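Beneath this line is the structure, given in structure tokens, with notes to follow.
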Amino acid sequence: MIGARSGALTGLRRLVANALARDLRGFVVPGMDVAWANGLDLAGTGLHLATTPRHASVLVIIGPLPAGLADAASVAHAQMPRPRAILALEAGDLAPLPAADATGALTQAGLVAALADLRRTIANGAFGSGAREYSAPALETRIEYTCPMHPEVVSDQPGNCPKCGMTLVPRETAAPLSHAGHAMPDMSDGVTAETPPDPVAATHQHGAHHPSGDTKTMVEDTHAGHGHDHAKQTDASAQYTCPMHPEVTSDQPGSCRKCGMFLVPVEDKDAHAGHGHTQTDHSALGSHSDHSAHGGHSGHGAHGGAEVAGIEAHFMSMVDLTRDMPASADGLKMEWIDVPFGPFFPGLPGGLELELTLDGDAVAAAKAESGVSAVNLLREAATSPEAFIDQLAALSPLSPVAYRELACRALEQAAGQNPASDTASARAAAVERERIASHLNWLAGFGTQSGLHWLERRAAGLQLELRHADARGIAALTPRTTALLRRLHRTPLLHDKLNGNGKHADGDALSGPVARAAGSTSDARSDNPVYGALGFGVLTGTGGDARARLTQRTGEIAQSLGLIARAGQIAMPEVQNIGSVSGKGEAIVETPRGAAQLRLTLTGGKVTQAEISTPTAALVALIGAMARGRELGDAMTAIGSLDISPWELTA
Amino acid sequence: MTVLVVLLALAAGAYLIAILESWAVHGRLEPARPAISALALLGRESVLARTPDRLFFEAGPILLLVAGLLAAAVIPLAPGLIVTDLATGALFLNAALAYVLVALIMAGWGPNGAYGMIGGWRFLGQFIAYAMLIVMPITAVAMRAESLSTVTIVQSQAALWNIAYQPLGFVLFVVAAMGLAWLPPLDLPTAPGDLAGGVEAEYTGVRLAVLRLARMVLILALAGATVTFYLGGWLGPWLPAPVWSALKILIVAGLMVSAGRLVPRVREARYLELSWKLGIPLALANIFIVGVIALVVPI
Amino acid sequence: MTALAQYAILLGLTLGAVGFVFSLYALARAIGRSREEPGKDVPATAGTLSRDPVWVRYHAKYYGYALLFLAFDMEMAFMYPWAVVYREEGLVALLDMGVFLAILFLGLLYGWSQGALRRQE
């Protein structure tokens, strides 16, 4: 086993290896929602699920990993303590990850068999000689040297800065992406440029101004003085100013007339001014571990290194020290940190890369992007209709049926075909069945996020049974579903938690349950005569907050159950013989997350051009405004309530 | 000798609570699970985060264990079966439990990781919410017993258990105890949905095992405190005293561990608001009511 | 048993617990040491590496509550001895502490009205 620990498998280690084999903890990649959508009941197999790779012993990979998530998966794998294993279910080539220790088919039976395999492997191989060190491109770092005052000066060798002569300091950056773009905080303590910094003095200074700081940790000497908290970039202007008295300016370098410090060039305070990016680079001094403890203390550093002849320590008021720091809504100036809530965060859709700038535990800014890289809709110049339908279904593993239906309808329109009304109605029922499964999937994710474990278990279990059930099976499951929804709405404190959370500005491009929960009546199904025959009526809500979205989705589940009951049968969408026709087709389908629209061109029976618009892009655009200023838990609930599918962002 | 017996009882109790908790979480009763998990954790690597605050990182779980043990040291399991019958037992319990906060903040700060640090500071907010609601009900209990010694407090309930005498205090105390042990729905420091493990996240291997053991001991100590203060300790007919204690403590611990899972995680702002705007006035009212009753009624 | 002896037992308990933990650590060390690999020591953030330190000044939003907590905590320190002698002293004790609590309660109400009891954004 590659992820084993070194040592011989004797005595106590054998006992421990057996215990490890029986106590498997899995970290699911890309996420539990994908696992549920593929029909896997992970909890039922005795595999305990871990919320963080640190507590996991197995990396469970469901289906082929998109290229964009491979790096994140290798990071997650690297962060797992040994002995660790990889379980891959139809994942294909695992590129940056090592080979899987157990593989299986993407079915429950395949999972169970693979787990049994895995337990045997671990029991025999948890300690052994098969251990190999794991390294991946995403994990590598290299040391580069930069000037504290001129962050754009970067070199691979130690030396002196060509601009000011300061000794270059080492900085750890991730290879291959250089973080040179993060301007380093200005070590604008002019003193350090000229004098060998005195660690003792700096320690003393820090001790004086920061009572709680651990003064003993000032090991790193070239950072004896800390610059201001904002990143400054040099420009060509010849103005010089005193770091502690900004009102003192001069055209020539020299000494400040108020305090005697050496004047430093004025840099424009750009957009990073308000940003605590100090941290990025202070952290870089990996070997000077204690030093980075002061990464955040940069705000009050400009006084440092005062034990140089002729310069006395100058008291800086809090106002001066925090002048350029970001201010929160209550006026306090605190330091903000950038925290990734990366692609594999439990409770959020798998594959969504969220980066939050946190001000304490409130979100100051939020940025989201899909970790799933863009996929070409048409892999060859001319795709056969069946292959096209399959590709479109593979685009979104969370709602393949809706996309199949989309492709089928567009193809039929292009070919001029019209499906029989009962086929159309059976296909609509399939789309509705998937809507129920998707909403239940979302409910299970919501349960994970808010700590309602019973909801997670029951919604996931129900979803597994419902996704492939026929009309009779669904009718049999209806009482359980309505009971679950009733119990959910009666949960104490639930509405209290969601009320007022996650309101968003009105957007024209919004569709789906999110839009309808805010009062919109747009639903692609209302124009469809098939649905009209089934007695469909648009369901809307009021409030536009997370609570309204929850109510909207549970209402849609109930509505879809009724529609399926009236349709009577379910059939997967597929096209009959298209032949060699040519034409343009266009279709719009209400996927569980909103309206998706497809336009394609058929030439000689093959699809030659296609473009698709999915509802997710509009939803992702809401995240920034929705999360800003909210507490972390509320922001996560709000983002979760949007039910974003990072897979659909690709096209 | 008594110390040994009590410690053994503690170990057994912690094991049983671990079984109860895994039953509440996974829906399956697996008696061997805690032992297997403990062995497995021993066998996993204990990773040290880069640029940690080593002292805090190591001290967190150890301090948590010590706090739980000291709190459990003043819980009487039977007349004479107590580690130390301090004259200021209830006060000492409170003092020991105050270190839970310190331990969690150390555990959050130490690894220099975002999720952990936020978890630690959130727990401080939670502390401000629950701290008064632990102390005030204890005061009311001490008023009836005229003593801070836990043994005397139990003996004072011979006529009527405090749960009937001061039900308001009981409710406040139990909810605050759940906040102290960060049990759902007040599990803000280790919220799986918001913080992916939070304070616990950076601990792996044997350190995680110690942290989890410490938490079990803490829950046991809190259940013991609830039983001592409100449910009459070892008092009860027919069965011998230690059996009554064990039964009551396990039932209370089981309820604490499972009952909260029916409700979604309470937001920190909401918890603070409820505690201070509703909880503290109620606790003060409780003290007043108990004061009046204690003067009027002789039991 | 004198109080000193009792605290000695508790000290022994503390040291015993610490010793127990260290012996567990030694056992784990005997099983094997942790292997250093790239990326393993970065705090886990759900799939993205983030090497930034997070030891910054944390903006706690509950400082309003914290200030009131200080006042009440001091009050509770006074209430412990009062509770023990309460029944002996009788009505006088109730009235004395009642006045004290009422004043503090008024302080709580004042803080509430001034907006101290909310999340300070």
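Here are some notes:
- Mean Cα-pair separation over length for chain B, i.e. relative contact order, pairs under 8 Å, 6 or more apart, %: 27
- Here the calculated FRET efficiency for B:ILE289 and C:ALA26, from their Cβ-Cβ distance with R0 = 51 Å, stands at 0.45, rounded to the nearest 0.05.
- Counting only Cα atoms, the stretch A:503-548 measures 34, 20, 10 Å along its principal axes, largest extent leading.
- Look at the stretch A:135-142: the mean tally of other chain Cβ atoms within 10 Å of its residues' Cβ atoms is 3.
- The spacing between the stretch A:1-25 and the stretch A:364-404, judged by their C-alpha centroids, is 41 Å.
- Base-10 log of normalised Debye intensity for the stretch C:61-121 (one unit scatterer per alpha-carbon) at q = 0.14, 0.16, 0.26 Å⁻¹: -0.48, -0.59, -1.03
- Prolate/oblate/rounded call for the stretch A:566-637, Cα gyration tensor, a/c under 1.5 rounded: oblate
- Packing-based ranking, highest mean first, of B:171-182, A:61-72 given that Cβ atoms within 10 Å are counted: B:171-182, A:61-72
- Of the chymotrypsin sites (Phe, Trp or Tyr not before Pro) found in the stretch B:190-299, those that fall in a DSSP loop while having at most 12 other beta-carbon atoms within 10 Å are B:TRP238.
- Sequence-distant contacts, meaning Cα pairs under 8 Å at least 6 residues apart, place the relative contact order of the stretch A:12-137 at 28 percent.
- Acute angle (nearest 10 degrees) that the helix B:205-230 long axis makes with the longest principal axis of chain B, alpha-carbon atoms: 10
- Within the stretch A:370-649, the proportion of Cα pairs with more than 35 Å between them is 16 percent.
- Its relative contact order, with pairs defined as Cα atoms under 8 Å and 6+ residues apart, puts chain C at 29 percent.
- Built from the Cα atoms of chain B, the convex hull projects on average onto 15.3 nm², one quarter of its surface area.
- Each Lys and Arg contributes +1 and each Asp and Glu -1, all at the Cβ; summed about the Cα centre of the protein assembly as shown, the dipole is approximately 3560 debye.
- Given A:LYS367/A:LYS606; B:LYS248/C:LYS61; A:LYS333/A:LYS367; A:LYS367/C:LYS61; A:LYS163/A:LYS367, the pairs whose alpha carbons are separated by over 31 Å: A:LYS367/A:LYS606; B:LYS248/C:LYS61; A:LYS163/A:LYS367
- Cα centroid separation, the stretch A:583-645 to the stretch A:500-537: 13 Å.
- Chain lengthening between A:SER6 and A:ASP93 when straightened (0.36 nm per residue, less Cα-Cα): 28.7 nm
- Electrostatic bookkeeping for A:LEU600 treats Lys and Arg as +1 and Asp and Glu as -1; over the other residues with beta carbon under 10 Å from its beta carbon, the sum is 0.
- Chain B: calculated mean residue ellipticity at 222 nm from DSSP helix runs of at least 4, using -39500 (n - 2.57): -22500 deg cm²/dmol
- Taking a span of 24 Å or more along the helix axis (Cα atoms) and a mean Kyte-Doolittle hydropathy of at least 1.6 as the rule, the DSSP H helices of chain C that qualify are C:3-31, C:91-113.
- Cβ-defined net charge surrounding C:ARG33, 15 Å radius [Lys, Arg +1; Asp, Glu -1]: +3
- Most tightly packed first, judged by the mean number of other beta-carbon atoms within 10 Å of their residues, the peptides B:216-225, A:102-111, A:590-599 read B:216-225, A:590-599, A:102-111.
- Charge tally around A:MET626: other residues with Cβ under 12 Å, Lys/Arg +1 each, Asp/Glu -1 each, net +2.
- Number of partner chain Cβ atoms within 10 Å, mean per residue of A:491-502: 3
- Estimated distance in nm for a label pair at A:GLN569 and A:ARG120, the labels positioned 7 Å out from Cα along Cα-to-Cβ: 4.5
- Considering only Cα atoms, the convex hull volume of the protein assembly as shown works out to 193 Å³ per residue.
- Per-residue [θ]222 nm for chain C (sum of -39500 (n - 2.57) over DSSP H runs n ≥ 4, rounded to 500): -23500 deg cm²/dmol
- The label-point distance for C:ARG35 and A:SER582, in a model that sets each label 7 Å from Cα toward Cβ, rounds to 6.1 nm.
- Working from the Cα coordinates of the stretch B:209-299, the gyration tensor eigenvalues give, after taking √(5λ), semi-axes of 26, 26, 11 Å in decreasing order.
- Couplings 3J(HN,Hα) for the stretch B:147-164, derived from phi with the Karplus relation 6.51 cos²θ - 1.76 cosθ + 1.60 (θ = phi - 60°), are 6, 9, 6, 4, 5, 5, 4, 5, 5, 5, 9, 4, 7, 8, 5, 5, 5, 8 Hz, where x marks Gly and Pro.
- Expressed as a fraction of 2.2 N^0.38 Å, the C-alpha radius of gyration for chain C is 1.85.
- For the stretch A:47-148, average projected area of the Cα convex hull in nm²: 8.4
- Between A:ARG486 and A:ALA109, the modelled label-to-label distance comes to 3.7 nm, taking each label 7 Å out from Cα in the direction of the beta carbon.
- Burial order of peptide ranges C:93-100, A:398-405 (average beta-carbon count within 10 Å, highest first): A:398-405, C:93-100
- Counting every other Cβ atom within 10 Å of each residue's Cβ, C:PHE20, A:PHE127 order from fewest to most as C:PHE20, A:PHE127.
- Helix B:167-180 axis, angle to chain B major axis (alpha carbon atoms, nearest 10°): 20
- Seen against the Cα atoms of chain B and their longest principal axis, helix B:2-26 is set at about 70 degrees.
- Euclidean distance between Cα centres, the stretch A:455-483 to the stretch B:1-65, Å: 37
- Look at the stretch B:26-35: the mean tally of other chain Cβ atoms within 10 Å of its residues' Cβ atoms is 2.
- In a reduced charge model with +1 at each Lys and Arg Cβ and -1 at each Asp and Glu Cβ, chain C shows a dipole moment near 620 debye about its Cα centre.
- Cβ-Cβ FRET estimate between C:GLN114 and A:ALA509, R0 fixed at 56 Å, reported to 0.05: 0.80
A short reminder: the numbers here are calculations on the coordinates, not readings from a lab. Treat the numbers as computed from the prediction; the structure is a model and nothing was measured. Virtual Cβ from ideal backbone geometry, glycine too; neighbours counted across all protein chains shown.
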